[in-house]
Every structure is written in structure tokens, then in C-alpha cells.
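Presented below is the structure to which this report refers.
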């Protein structure tokens with residue numbers, strides 16, 4: 001596994017670090033680890049990676065919303 005793939009797998013976790021709350025960080029870390037472990041089978045990492053990205057994007061969106069008051 002190359003560094004590029006590890007970066008792609010941990011992208012939800014890295015994106016969730018921009019959020020404010022600690023719970024999405026933990027959920028995205030677990031989703032990233034699951035994606036990395038399930039990547040042995042073709043297509044096995046899609047669902048945990050997608051769920052992690054959704055959680056991370058909502059966390060970042062709420063952070064931006066709280067800063068700018070939308």
C-alpha cells in the first residue's frame with residue numbers, strides 16, 4: 001500500500017480535523033481504519049469511506065456555519 005492510498009483512505013479523518021466537535025473525528029478515524037482494512041477485497045472500502053466523508057463534510061459544514069452565522 002503506497003502513501004497515496006493511505007492518504008486517500010484517511011482523507012475523511014483529515015477533513016474532520018477541521019471540524020469543531022470531537023465525536024466526528026473519532027467516527028471518521030474508525031471509518032478510515034475500516035476502509036483500510038476492507039480494501040483487501042475490490043470495492044470493500046467504498047461504504048466506510050463514503051460514510052466517513054459524509055460525516056466529515058457535515059462536521060466541516062457546521063463549523064463554517066457556526067463561524068459565519070448562516
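In table form, for the structure just shown:
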| read-out | value |
| --- | --- |
| From the options 56, 35, residue that is modelled with pLDDT of 95 or more and either within 20 Å of residue 7 (Cβ to Cβ) or in a helix (DSSP H, G or I) (or both) | 56 |
| Residue pairs meeting the criteria (Cβ under 9 Å; at least 6 apart or on separate chains; first on the phi > 0 side of the Ramachandran plot and surrounded by 12 or more Cβ atoms within 10 Å (Cβ to Cβ), in the stretch 53-70; second at pLDDT below 95 and not in a helix (DSSP H, G or I)) | none |
| Where a residue in the stretch 16-28 is farther than 17 Å from residue 49 by Cα and its partner, wherever it lies, is buried (at least 18 other Cβ atoms within 10 Å of the Cβ), with Cβ under 6 Å and at least six apart | 19/59 |
| Residue that is farthest from residue 1 (Cα to Cα) [pool: residues in the stretch 38-53 that are over 11 Å from the mean Cα position of the chain (by Cα) and part of a helix (DSSP H, G or I)] | 47 |
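The values are calculated or read from the model by the stated rules, or taken from the named source; none is laboratory data. Quantities reported herein were computed from a predicted structural model and do not represent experimental measurements. Reconstructed Cβ throughout: ideal geometry from the backbone, glycine too, with neighbour counts over all protein chains shown.
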